[in-house]
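A short write-up of the structure that comes next.
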């Protein structure tokens with residue numbers, strides 16, 4: 001007979017939050033697929049559109065909380081689809097600037113019409129939405145702190161399991 005394992009309240013809360021996130025992520029990706037986008041592309045387009053300064057793949061990676069090589073590959077694919085352009089920075093030759101193309105701007109407009117998943121928040125009151133925002137802000141900050149503590153220095157000894 002299998003041994004019973006009891007999760008803590010925090011572990012149960014994490015599992016619940018992750019389940020909700022995965023369901024919403026799947027639904028949103030299906031919604032975005034109808035306009036030939038996916039969630040990482042939509043996120044990158046949004047960040048590029050709202051950026052107050054020129055963007056590099058490294059800045060995008062930091063803002064998306066992704067590894068630089070992951071965002072670099074994403075930018076490369078998006079460039080292939082004509083959503084963004086990249087060009088070398090003339091002052092800092094080792095930097096690449098990423099910017100939206102006209103097709104990327106049009107994709108942003110199409111994305112703004114995808115509201116089915118976002119509208120699921122309408123089941124919450126204004127007060128509940130404000131509470132959700134505050135809760136997720138605090139969880140975000142705490143998890144960034146945890147990530148910083150868990151981050152292994154590239155110069156540290158490799159871990160062997």
Handout entry: Residue among 55, 17 that alone is surrounded by 11 or more Cβ atoms within 10 Å (Cβ to Cβ) and in contact with a strand residue (DSSP E or B) (Cβ under 8 Å, 6 or more places away or on another chain)
Key = 55
Fill in the blank from the handout: The correct count of residues that are more than 10 Å from the chain's Cα centre (by Cα) and in a loop (DSSP other than H, G, I, E, B) in segment 46-68 is 6
Exercise for the section: With respect to residue 93, determine if the residue is over 26 Å from residue 141 (Cα atoms), in contact with a strand residue (DSSP E or B) (Cβ under 8 Å, 6 or more places away or on another chain), outside any helix (DSSP H, G or I) and at pLDDT below 95. Expected result: no
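Take the residues in segment 1-24 that are touching a helix residue (DSSP H, G or I) at 6+ places or on another chain (Cβ under 9 Å) and modelled with pLDDT of 95 or more, then tell me which one is nearest to residue 136 (Cα to Cα).
Here the answer is 17.
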Handout entry: Tally, over segment 116-138, of residues that are farther than 20 Å from residue 47 by Cβ and free of Cβ contacts under 8 Å to residues at least 12 places away in the same chain
Key = 16
Fill in the blank from the handout: Checked pairs for segment 68-94, first at positive phi and surrounded by fewer than 15 Cβ atoms within 10 Å (Cβ to Cβ), second part of a helix (DSSP H, G or I) and at pLDDT 95 or above, C-beta under 6 Å and 6 or more apart or across chains, list as 82/103
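Conditions tested, residue by residue: (1) free of Cβ contacts under 8 Å to residues at least 12 places away in the same chain; (2) in a helix (DSSP H, G or I); (3) surrounded by 13 or more Cβ atoms within 10 Å (Cβ to Cβ).
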| position | (1), (2), (3) |
| --- | --- |
| 10 | yes, yes, no |
| 13 | yes, yes, no |
| 22 | yes, yes, no |
| 29 | yes, yes, yes |
| 40 | no, yes, yes |
| 44 | no, yes, yes |
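The values are calculated or read from the model by the stated rules, or taken from the named source; none is laboratory data. All values derive from a computational prediction rather than experimental measurement. Positions of Cβ are backbone-derived with ideal geometry, glycine not excepted, and every protein chain shown enters the neighbour counts.
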